[in-house]
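What follows is a single structure, written as structure tokens, with notes after it.
The values are calculated or read from the model by the stated rules, or taken from the named source; none is laboratory data. What you are looking at is a predicted structure, and each value in this text was computed from that prediction instead of being measured. Neighbour counts are summed over all protein chains in view; Cβ atoms, including those assigned to glycine, are modelled from backbone coordinates with ideal geometry.
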Amino acid sequence: MVSDGAQNGKLLDEQDVQALSNARTALQNRSWNADVEAAFYAAMSRIAHSLLPVVAETAGDEARRGARIAIRIYTHAAMILTVVVVSLSCLLFVVNQISSDIANYVKANDATALTLHNQLIGHEAAIVEASKKNDYGALLALQNSQPALQIKEELQKFAMNNRQLYADISRNSWITRLAHLGTIRSPYK
């Protein structure tokens, strides 16, 4: 500020310039004290007011270089941060979608398990009844009956859902290992 004021013909008080010189000397000699500090800040305040308005042209070359470096650092940091945030957002979107699929498969398996349970109870009662009568013809007929075919179909849906559920859980585990989040125990394993 002092050199800018001197170069642009601003009138600076000699006592203020002397206070700055004393502060520089005190800093170098490590003799900084409260009196030097008070004089320094008061002088800096008066010098800053005498140089108003401060515009880009009043900044020195070092300040411009420093500003360029700071802008470059902030630009690179913003780019890196943008890549990280977008990547994490995409990863969270995928994990959320997989978790939603897992919840849907679990819900479907719960419903299928209840249906299978009820169908098997009814079919078991028919088998027990035919066995008590030693009616082997009825037992053979029960193998290909409509309830047996429905049970087979429900078992196939149940198995398909379980395979998809296992694949989604494995995919989720792979993503957590990839993101170095450690082993996260799934309640569905």
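Which condition from (1) surrounded by 11 or more Cβ atoms within 10 Å (Cβ to Cβ); (2) within 19 Å of N162 (Cα to Cα) is the one that I127 breaks?
(2)
Just give me the residues in the stretch 141-185 being at pLDDT below 80, among the hydrophobic types (A, V, I, L, M, F, W, C) and assigned to a helix (DSSP H, G or I), in sequence order.
Matches in the stretch 141-185: A141, L142, W174, I175, L178.
Picking from L27, L91, L20, L81, which residue would you name as being under 30 Å from R171 (Cβ atoms), in contact with a helix residue (DSSP H, G or I) (Cβ under 9 Å, 6 or more places away or on another chain) and assigned to a helix (DSSP H, G or I)?
Criteria check complete, one pass: L91.
Among (1) over 21 Å from D61 (Cα atoms); (2) assigned to a helix (DSSP H, G or I); (3) in contact with a helix residue (DSSP H, G or I) (Cβ under 7 Å, 6 or more places away or on another chain), there is one condition D4 misses while meeting the rest; what is its number?
(1)
List every residue pair whose Cβ atoms sit under 7 Å apart, with the two residues 6 or more apart in sequence or on different chains, where the first one lies in the stretch 150-165 and is surrounded by 14 or more Cβ atoms within 10 Å (Cβ to Cβ) and the second, anywhere, is among the basic types (K, R).
none
Between a residue in the stretch 103-117 that is assigned by TED's automatic domain parsing to the domain that holds I169 and without any contact (Cβ under 8 Å) to a residue 60 or more places away in the chain and any residue that is among the aliphatic types (A, V, I, L, M) and surrounded by 14 or more Cβ atoms within 10 Å (Cβ to Cβ), which pairs come within a Cβ distance under 8 Å, given they are 6 or more apart or on different chains?
What qualifies is N109/L165; L116/I151; L116/L155.
Scan (1) surrounded by fewer than 12 Cβ atoms within 10 Å (Cβ to Cβ); (2) in contact with a Gly (Cβ under 8 Å, 6 or more places away or on another chain) for the single condition G9 breaks and write down its number.
Of (1) surrounded by fewer than 12 Cβ atoms within 10 Å (Cβ to Cβ); (2) in contact with a Gly (Cβ under 8 Å, 6 or more places away or on another chain), only one is false for G9: (2).
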